[in-house]
Amino acid sequence: MSKDMWIDLGEARSALDDAGQRTAALFASAADPALAVRRSAWTLGEVGAHLVVALRGFTEAVEGNSDAFAPYIPVTDSFADRLSAVTAGTLALEAERAPAALGLMIAERVKDFLASTASCSGDERIATPWYGGGASLSVATATAMLAGEQL
């Protein structure tokens, strides 16, 4: 059993589903993708794109394919520099910035992740190379992190 198994996978899945639906509704109610996000350098459209890309990245990782992120992972020992570069660079993977469209995409990507992990155990590992060479997270941890992203 991994050290992060204290996360209840069922609760994390439910939290991700609920939070994803609320986030999708929030984006659907917004009109201006250029709206500045408080305490952030990002716009609303960029935040939505990031949420879509993060969900996509973890879903692809579950499916054994994180190649789309490889070009954005710098060679550095600094976790902060690596994560910052990956986060900024992968925004290019999603061109959409319209809030209503992003809301629909967020809802769909949440469903995709939940479907991809439906038969996984909570302690099954997912490769997460954007966190470092050989890095991985349990399905339970990844699910809880994605729920946190939505919140």
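The numbers here are math on the coordinates, done by the rules we state, and not lab data. Keep in mind it's a predicted model, so treat the numbers as computed, not measured. Here Cβ is always computed from backbone atoms with ideal geometry, including for glycine, and neighbour counts include all displayed protein chains.
Filter region 37-67 for residues that are assigned to a loop (DSSP other than H, G, I, E, B), touching a helix residue (DSSP H, G or I) at 6+ places or on another chain (Cβ under 7 Å) and not hydrophobic (A, V, I, L, M, F, W, C) and give the result.
E63, S66
Got at least one residue in region 77-92 being touching a strand residue (DSSP E or B) at 6+ places or on another chain (Cβ under 6 Å) and not β-branched (V, I, T)?
The answer is no; no qualifying residue exists.
For the structure I just gave you, tell me whether A61 is buried (at least 19 other Cβ atoms within 10 Å of the Cβ) and in contact with a strand residue (DSSP E or B) (Cβ under 6 Å, 6 or more places away or on another chain). I'd like the intermediate steps shown before the answer.
On the way: buried (at least 19 other Cβ atoms within 10 Å of the Cβ): yes; in contact with a strand residue (DSSP E or B) (Cβ under 6 Å, 6 or more places away or on another chain): yes.
The answer is yes for A61.
Considering only region 82-134, state which residues are over 25 Å from L44 (Cβ atoms) and touching a Pro at 6+ places or on another chain (Cβ under 7 Å).
R82
Determine whether G103 is in contact with a Leu (Cβ under 8 Å, 6 or more places away or on another chain) and under 17 Å from S136 (Cα atoms).
No; evaluated as a whole, the condition is false for this residue.
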